[in-house]
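First up is the structure itself, then whatever we jot down about it.
The values are calculated or read from the model by the stated rules, or taken from the named source; none is laboratory data. Quick caveat: nothing in here was measured; it's all calculated off a predicted structure. Because the Cβ atoms are built from the backbone with ideal geometry, glycine has one as well, and the counts that use them run over all protein chains shown.
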Amino acid sequence: MISLNRTNSENEDFKKLVKQLDADLTIRDGEDHAFYDQFNKLDSIKYAVVAYNENNIPVGCGAIKQFEPQVMEVKRMYVPLKDRGKGIAVEILKELETWARKLGNTKCILETGIKQPEAIALYKKCDYQIIENYGQYAGVEQSICFEKLLK
């Protein structure tokens, strides 16, 4: 049983989880990490979700950021390895989509790395469709981009 807390990037639990995410990505991305890191700053994230287990311990996070009118970009999705396989990421993503819809958006987009098979599987499972790499990820071979129309 998890509970979801809507917050922003000032939340200390969100910051701690993002620090763990960045440590993981530093290893996975290797020499490409600096390129991706520049697009993952927390200062402009107004909409974040932190998941807590029954003991009120943070077990996952995610965020959305306005990309263009009516389009939110999913950012900073992370569940620690020990908490994976419990459906936490799916619940966080659903909550972010609900929030995006409530804010008047019609679509979510996102980028993930090809070295993140768990993330790719999550997005496919949640009905995201692969699209041409957008914005700063256009032409970046290590990136894969997705979108989902919000109903």
Exercise. When both residues are 6+ apart or on different chains and their Cβ atoms are under 9 Å apart, which pairs have a first residue that lies in the range 104-120 and is on the phi > 0 side of the Ramachandran plot, and a second that is of a type in the set (S, T, N, Q) and modelled with pLDDT of 95 or more?
Worked result: Gly104/Gln70
Problem set entry | Selected residue [buried (at least 17 other Cβ atoms within 10 Å of the Cβ), of a type in the set (Ser, Thr, Tyr) and modelled with pLDDT of 95 or more] from Thr106, Thr7 | Thr7
For this session: Scan the range 88-103 and give yes if some residue there is loosely packed, with under 15 Cβ neighbours inside 10 Å, modelled with pLDDT of 95 or more and under 18 Å from Pro117 (Cα atoms), otherwise no.
Result: yes
Exercise. Taking interchain pairs and intrachain pairs at least six residues apart, which have beta carbon atoms under 9 angstrom, with the first residue in the range 83-103 and under 13 Å from Asn5 (Cα atoms) and the second β-branched (Val, Ile, Thr) and loosely packed, with under 15 Cβ neighbours inside 10 Å?
Worked result: none
For this session: Among the numbered conditions (1) over 15 Å from the mean Cα position of the chain (by Cα); (2) within 21 Å of Lys16 (Cβ to Cβ); (3) not in a helix (DSSP H, G or I), tell me where Lys82 comes up short.
Result: (3)
Exercise. Taking the condition more than 30 Å from Glu54 (Cα to Cα) and without any contact (Cβ under 8 Å) to a residue 60 or more places away in the chain, does Glu132 pass?
Worked result: yes
Seminar exercise, completed: Expected output for the range 1-13 (first residue part of a loop (DSSP other than H, G, I, E, B), partner among the basic types (Lys, Arg) and surrounded by 13 or more Cβ atoms within 10 Å (Cβ to Cβ), Cβ below 9 Å, 6+ apart or cross-chain) is Ile2/Lys86; Asn8/Lys46; Ser9/Lys15; Ser9/Lys46; Ser9/Arg76
